[in-house]
Amino acid sequence: MRFLLKKCVLTNKVWVADTLLIVLILLAGAVLRFWRLYDIPFTYDEFSAIFRTRFATFGELIDKGVKVDTHPAGVQVFLFYLVRIFGISEAAVKTPFIVFGLLSVWLTYLIGKEWFSPAAGLVSASFVSFLQFPVMYSQIARPYSSGLFFCLLLVWFWTQVIFHPGRKYYYNLAGYVISGALCTYNHHFSLLFAAMVAVTGLFWCRRERLVSYLLGGILIGIIYLPHLPIFFAQLAMGGIEGWLHKPRYDFIFDYIQYIFQFSVFVGLLILLLLSLALYWREDAQKVKGKFLLISLLWFLIPYLVGFFYSIFRSSVLQYSVLIFSFPFLLFTIFGWIGDTGALRKAVMVVLTGLVVIPSLTGERQHYTLFYRSPYREMVAESKHMTDSLGRYNCSVILDTKKEITHYYLTKLNCKELPFRDISSFRGKRDFIDFLDKSRTNYLAFGCISSTLSENYPIILERFPFLVEHKSYAGGDFYLFSKIRPAKEMSEYFYSKLNTFEPSLPEWGYVDDKRCTDSLVIEGRKSFDAQTGTDFGPTFTMPLRSFMRDENDVIDISADMRLPLVFPGAWLVVTVTSNGKIVYWNSASVTEYITPGQQGRVYRSLRLSDIDLRHHGLQFATYLWNPVKSSYIMDNFSVRMRSGNPVVYGIYRKAALY
């Protein structure tokens, strides 16, 4: 009796200690996710989803708000009713998804405890609670934190159905069906995860429960049937290769670095935790091999399906779609941790918090980068500049998304801000004509990362002084001036200008006979491309010989005079590696210059948009004239400037501000 009483007291103490630790983990996770809730900005994807809720009927929502997207209807329908009830505000829209993220932390603990040990569950839950990957996607009202919760809920009920059928079997089977159906309506990768879980169960399901288990899976499929017309409509649209590149073969290593915050300290923490676990492990403890195998497979299979689908059909693989299987990577790593005393578990949890949270706030600068939306900051900065410099002395051009701009004009109470949206210009010549005719001394220019980088040199030639440049994750704000400021600012650190008097060696050998002194654009000579010339002089140089940083930008321009009949030519930019093309792009000459006239053509390359991990990168730029028409060229310029160090800082290792 004393032994049973003592064991009961000890068990109760362990339960209290574990409960206290998971509560502390959840509280810390809540603080990290709810921190400055009203300042968490909407991302572009969130705006897109919110703008697709503005329909009068459910039918319109499906036809115009769901079928035009690439995601299942679940989250879009949820947002449709959420916005109707609570309106559009960051707090109202994001809070449910933050709650999903916190519930995912709790379920990670429960599953880890059930599959392996309370210590393994607590450590895994700590990483889900503190890492930027799950924290950030909890703060984004898209199908990621909801899908993570539904997938973990599915696994919890699946575990009870398969391995503990004596515990409220039909209750757990109902939970399995409902959570599985939610997975199918949430995201295509959570649907894949649910199918993977269902198939896995066939290998461990007891024979007497097999029929009911199969019926549960069939019921999930029946619940999904109404969604099939939407699925096929979305499938007919194709993929998202317009902006998502095919993954490299080392994508998995980039992903693992990303989820562990590119941090040496987090890597050392994992090694320390595993070392402590091995040191504290008791001989009698056994590793639950089947759950380690399941965890590894459930992490790898979604990655492999996404990878090969992206390679052989259409690009779909990105970090976000792997969040549903992310906890099972943690189980693969920490499932080796056996149960141990309360103090030791507390040490592991505290160590995790002391390393991962400072890495989140310091190394990853989450609350600096993620909370500074370029859409909001550009509007706020433009308002500040027009107020301080005078609205008639400062023009404003915003190259963003019109609907998002108007959202922040209303939110920041600056509807009267005089600005031109970049989409209002009828091409480059109209844009340049506006700049040439501008009478203001200052120009405020805000742009997102998808903006053409050549707008920078175009503006700088008309407003030759850069007064201010503010960088954000996903965008930039500039203030240019015609008046020399007290403190000049220049971002260019490399410049070559070929005036063909004579031609510079970086452009290769250019026969002096190819240059004319009678039809010059400027100076004494210009390059004369006579009829039959398909390629002009080519600037070639090893890329790493003149770049400083992976975020640098190369600006190329050339003056040209065109004949009255000029079918077209292109200013081409290439980067090659051992003869293979890594990057190719071009600017149409006639987009900038009307045939029969003289002007300047521009093209820019942001190095962060290409893969710099190739060896022997060679940069080249030239004029390609496939119709072989004649033209005159002069002032062929190649310049390199410092770019935005944090433009992709949310998903890559960013430089510190």
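Things worth noting here:
- Counting only helices (runs of 4 or more DSSP H) that fall entirely inside the range 206-263 and contain at least 3 residues that are touching a helix residue (DSSP H, G or I) at 6+ places or on another chain (Cβ under 8 Å) and either open to solvent by 80 Å² or more (accessible area, probe 1.4 Å) or modelled with pLDDT of 95 or more (or both), the qualifying elements are 210-224, 251-259.
- Residue under evaluation E591, criteria (1) touching a helix residue (DSSP H, G or I) at 6+ places or on another chain (Cβ under 9 Å); (2) not in a helix (DSSP H, G or I); (3) not polar (S, T, N, Q), criterion not met: (2)
- Of all residues in the range 32-49, those being within 22 Å of T184 (Cα to Cα) and open to solvent by less than 70 Å² (accessible area, probe 1.4 Å) number 3.
- Residue that is nearest to G523 (Cα to Cα) [pool: residues in the range 611-643 that are among the β-branched types (V, I, T) and open to solvent by less than 20 Å² (accessible area, probe 1.4 Å)]: I632
- Residues (open to solvent by less than 40 Å² (accessible area, probe 1.4 Å) and over 20 Å from I521 (Cα atoms)) located in the range 560-582: V572, V573, T574, V575, T576, S577
For every residue, the table says whether it meets (1) buried (at least 17 other Cβ atoms within 10 Å of the Cβ); (2) at pLDDT 90 or above; (3) under 30 Å from V350 (Cβ atoms); (4) touching a strand residue (DSSP E or B) at 6+ places or on another chain (Cβ under 9 Å).
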{"position": "C8", "(1), (2), (3), (4)": "no, no, yes, no"}
{"position": "F51", "(1), (2), (3), (4)": "no, yes, no, no"}
{"position": "K64", "(1), (2), (3), (4)": "no, yes, no, no"}
{"position": "I85", "(1), (2), (3), (4)": "no, yes, no, no"}
{"position": "A92", "(1), (2), (3), (4)": "no, yes, no, no"}
{"position": "I98", "(1), (2), (3), (4)": "yes, yes, yes, no"}
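- Filtered residue count, the range 104-135, keeping only those that are in a helix (DSSP H, G or I), among the hydroxyl-bearing types (S, T, Y) and in contact with an Asp or Glu (Cβ under 9 Å, 6 or more places away or on another chain): 1
- In the range 10-46, residue nearest to the chain's Cα centre (by Cα) [restricted to those that are modelled with pLDDT of 85 or more and aromatic (F, W, Y)]: Y44
- Taken over the range 474-488, the residue count meeting the criterion of being in a strand (DSSP E or B) and under 30 Å from I40 (Cα atoms) is 6.
- For the range 368-388, the set of residues classified as in a helix (DSSP H, G or I), under 19 Å from S138 (Cβ atoms) and open to solvent by 20 Å² or more (accessible area, probe 1.4 Å) consists of T368 only.
- Comparison of S449, S423 shows that the only residue that is surrounded by fewer than 16 Cβ atoms within 10 Å (Cβ to Cβ), polar (S, T, N, Q), closer than 26 Å to I50 by Cβ and under 29 Å from the mean Cα position of the chain (by Cα) is S423.
- In the condition set (1) under 24 Å from the mean Cα position of the chain (by Cα); (2) assigned to a strand (DSSP E or B), L612 is compliant with all but (2).
- Matching residues in the range 163-179 - criterion: being under 38 Å from the mean Cα position of the chain (by Cα), touching a residue at least 40 places away in the same chain (Cβ under 8 Å) and within 19 Å of W115 (Cβ to Cβ): Y176
- For the condition among the polar types (S, T, N, Q), crowded, with 16+ Cβ neighbours inside 10 Å and not in a loop (DSSP other than H, G, I, E, B), S471 qualifies.
- Considering only residues in the range 395-413 that are out of contact with any Leu (no Cβ under 7 Å at 6 or more places or on another chain), buried (at least 17 other Cβ atoms within 10 Å of the Cβ) and not aliphatic (A, V, I, L, M), the one that is farthest from R462 (Cα to Cα) turns out to be Y407.
- The range 274-367 holds helices (runs of 4 or more DSSP H) entirely within its bounds, and those carrying 1 or more residues that are in contact (Cβ under 8 Å) with a residue 40 or more places away in the chain and farther than 25 Å from S138 by Cα map to 289-312, 342-358.
- In the range 426-446, residue most open to solvent (accessible area, probe 1.4 Å) [restricted to those that are free of Cβ contacts under 8 Å to residues at least 40 places away in the same chain and part of a helix (DSSP H, G or I)]: K437
- When we screen V99, V123 for residues that are of a type in the set (A, V, I, L, M) and in contact with a Leu (Cβ under 8 Å, 6 or more places away or on another chain), the only hit is V123.
- Residue check, V553 in contact with an Asp or Glu (Cβ under 7 Å, 6 or more places away or on another chain) and closer than 23 Å to P645 by Cα: no
- Assessment of the range 593-608 against the conditions (open to solvent by 10 Å² or more (accessible area, probe 1.4 Å), under 20 Å from S526 (Cβ atoms) and among the hydroxyl-bearing types (S, T, Y)) yields at least one matching residue.
- Of the numbered criteria (1) part of a helix (DSSP H, G or I); (2) surrounded by 15 or more Cβ atoms within 10 Å (Cβ to Cβ), the one R391 fails is (1).
- Single residue of F51, F42, F86, F34 found to be aromatic (F, W, Y) and over 26 Å from Y472 (Cα atoms): F86
- Single match in F203, F193, F189 (criterion: within 26 Å of the chain's Cα centre (by Cα), open to solvent by 10 Å² or more (accessible area, probe 1.4 Å) and within 28 Å of L304 (Cβ to Cβ)): F189
- Residue list for the range 331-366, filter: open to solvent by less than 50 Å² (accessible area, probe 1.4 Å) and either of a type in the set (D, E, K, R) or in contact with a Gly (Cβ under 8 Å, 6 or more places away or on another chain) (or both): F331, F334, G335, K345, R364, Q365
The values are calculated or read from the model by the stated rules, or taken from the named source; none is laboratory data. Fair warning: this is a prediction, and the values are worked out from it, not measured in the lab. Don't worry about glycine lacking a Cβ; one is built from the backbone with ideal geometry, like all the others, and counts go over all protein chains shown. SASA here: full protein model, heavy atoms, side chains in, ligands and nucleic acids out. Shrake-Rupley method; radii C 1.70, N 1.55, O 1.52, S 1.80 Å.
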